[in-house]
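The values are calculated or read from the model by the stated rules, or taken from the named source; none is laboratory data. Note that this is a predicted model, so its numbers are computed, not measured. FYI the Cβ positions are ideal-geometry reconstructions off the backbone, even for glycines, and counts take in every protein chain you see.
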């Protein structure tokens with residue numbers, strides 16, 4: 001990475017490892033969404049049942065984030081990251097062996113556990129190895145791996161699903177296990193973690209003691225943002241394909257992967273540039289700007305994306321503003337807590353938000369029946385405004401050295 005000549009080699013390796021892990025995590029996790037219809041047809045499952053299979057992975061990811069965050073504090077960031085990658089890659093390949101509904105659910109639970117764990121471990125690893133003045137940028141680069149992984153999942157699905165079937169697609173999902181091998185061999189644990197006092201007490205009295213105020217606010221912030229995000233993203237494909245008369249966009253464009261590409265390209269630039277902005281003007285003002293913009297462009301998209309031209313232009317902005325702010329959680333949450341409890345605290349706060357976000361798809365579905373899908377999605381975006389307020393209740397941490 002020639003752009004950061006003042007950053008040491010191990011920090012760059014840690015960033016590449018975390019970005020690759022998050023990229024491959026996204027690829028493995030999203031392969032299921034592309035294979036959903038073929039699986040449903042083969043097993044003869046109802047839409048509600050397939051929704052359950054998808055939901056259990058999201059719930060498991062919240063649990064995995066908390067568990068692996070705790071594990072990262074105990075055995076090390078790199079070790080825990082390696083284990084999380086092995087879990088989700090082996091579980092993705094395991095999906096190819098499924099012959100019953102319970103097996104699909106069991107494997108998806110394991111995929112979710114690994115997915116949640118990878119973010120908790122990888123974000124802490126990057127935050128602890130990069131200097132304060134570049135921490136936001138580094139987390140942004142790491143987070144951009146999700147957009148790349150989503151595009152990989154779309155590309156693999158387009159190449160393999162019709163030719164080789166969904167089982168072959170999931171077999172490819174074992175490849176991240178190779179990345180885990182190289183990460184374990186080439187990336188060192190952060191110096192700040194190696195030099196800490198060995199943990200002899202539970203982290204919870206610290207997180208819910210002197211840091212209780214931060215923990216509550218950070219959890220509420222993550223919850224508001226993730227409710228807005230997953231509500232929009234979960235229903236976006238259906239919204240785009242729903243006729244205008246029923247409150248949708250009525251776009252035949254959704255028959256291709258164009259909508260995924262537009263959103264994820266926008267997301268990639270959002271992730272990366274947010275880090276630069278946050279390191280320049282501060283975590284809180286950068287996040288505030290993205291929240292206000294997201295709360296504006298999502299309704300704009302819901303009510304005016306009716307042609308390919310408006311879809312492409314506004315869709316890019318939705319990808320940019322409704323994704324890019326995620327870089328904040330990897331940087332700011334790390335800066336709010338001391339090293340001995342950082343992984344546990346970061347995993348807890350962020351994944352409380354993940355659990356809360358499970359409400360959004362259900363609520364939007366119920367609201368859409370009365371008011372239309374576009375109106376329901378636009379209303380959900382108001383939770384971005386809640387995040388815009390909550391961020392000012394947390395301390396500004398730009399340039400803060402980790403303790």
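Name the one entry in 103, 143 that is part of a helix (DSSP H, G or I), more than 24 Å from residue 77 (Cβ to Cβ), touching a helix residue (DSSP H, G or I) at 6+ places or on another chain (Cβ under 9 Å) and not assigned by TED's automatic domain parsing to the domain that holds residue 336. Full working, then the answer.
Values: 143 fails: more than 24 Å from residue 77 (Cβ to Cβ).
Among 103, 143, only 103 is part of a helix (DSSP H, G or I), more than 24 Å from residue 77 (Cβ to Cβ), touching a helix residue (DSSP H, G or I) at 6+ places or on another chain (Cβ under 9 Å) and not assigned by TED's automatic domain parsing to the domain that holds residue 336.
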- Query: Applying the selection to region 242-293, what residues are modelled with pLDDT under 90 and at positive phi?
  - Reply: 247, 250
- Query: Name the residues in region 346-396 that are more than 17 Å from residue 223 (Cβ to Cβ) and buried (at least 21 other Cβ atoms within 10 Å of the Cβ), would you?
  - Reply: 368, 373, 374, 376, 377
- Task: Test residue 303 against the stated conditions and say whether it is under 19 Å from the mean Cα position of the chain (by Cα) and either surrounded by fewer than 24 Cβ atoms within 10 Å (Cβ to Cβ) or not assigned by TED's automatic domain parsing to the domain that holds residue 66 (or both).
- Result: no
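Please go through region 334-344 and pick out each residue that is in a helix (DSSP H, G or I) and either surrounded by fewer than 21 Cβ atoms within 10 Å (Cβ to Cβ) or modelled with pLDDT of 90 or more (or both).
Correct list: 335, 336, 339, 340.
Considering each of 52, 31 in turn, give the residue that is in a helix (DSSP H, G or I), assigned by TED's automatic domain parsing to the domain that holds residue 176 and surrounded by 22 or more Cβ atoms within 10 Å (Cβ to Cβ).
Working: 52 fails: surrounded by 22 or more Cβ atoms within 10 Å (Cβ to Cβ).
Being in a helix (DSSP H, G or I), assigned by TED's automatic domain parsing to the domain that holds residue 176 and surrounded by 22 or more Cβ atoms within 10 Å (Cβ to Cβ) holds for just one of 52, 31, which is 31.
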- Candidates 212, 159 - the one that is without any contact (Cβ under 8 Å) to a residue 60 or more places away in the chain and not assigned by TED's automatic domain parsing to the domain that holds residue 17: 212
- Note on the structure: Residues in region 36-51 that are at pLDDT 80 or above and within 20 Å of the chain's Cα centre (by Cα) total 0
- Checklist (1) surrounded by 23 or more Cβ atoms within 10 Å (Cβ to Cβ); (2) modelled with pLDDT of 85 or more applied to residue 173, failing item: (2)
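For residue 201, are the conditions met, namely being part of a loop (DSSP other than H, G, I, E, B), over 23 Å from residue 20 (Cα atoms), out of contact with any strand residue (DSSP E or B) (no Cβ under 9 Å at 6 or more places or on another chain) and at pLDDT below 85?
Details: part of a loop (DSSP other than H, G, I, E, B): yes; over 23 Å from residue 20 (Cα atoms): yes; out of contact with any strand residue (DSSP E or B) (no Cβ under 9 Å at 6 or more places or on another chain): yes; at pLDDT below 85: yes.
Yes.
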- So residue 98, is it surrounded by 17 or more Cβ atoms within 10 Å (Cβ to Cβ), modelled with pLDDT of 85 or more and assigned to a loop (DSSP other than H, G, I, E, B): yes
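Do we find that residue 114 is farther than 15 Å from residue 174 by Cβ and modelled with pLDDT under 90 in this structure? So that I can check it myself, show each step before the final result.
On the way: farther than 15 Å from residue 174 by Cβ: no; modelled with pLDDT under 90: yes.
Considered against the rule, which asks whether it is farther than 15 Å from residue 174 by Cβ and modelled with pLDDT under 90, residue 114 comes out as no.
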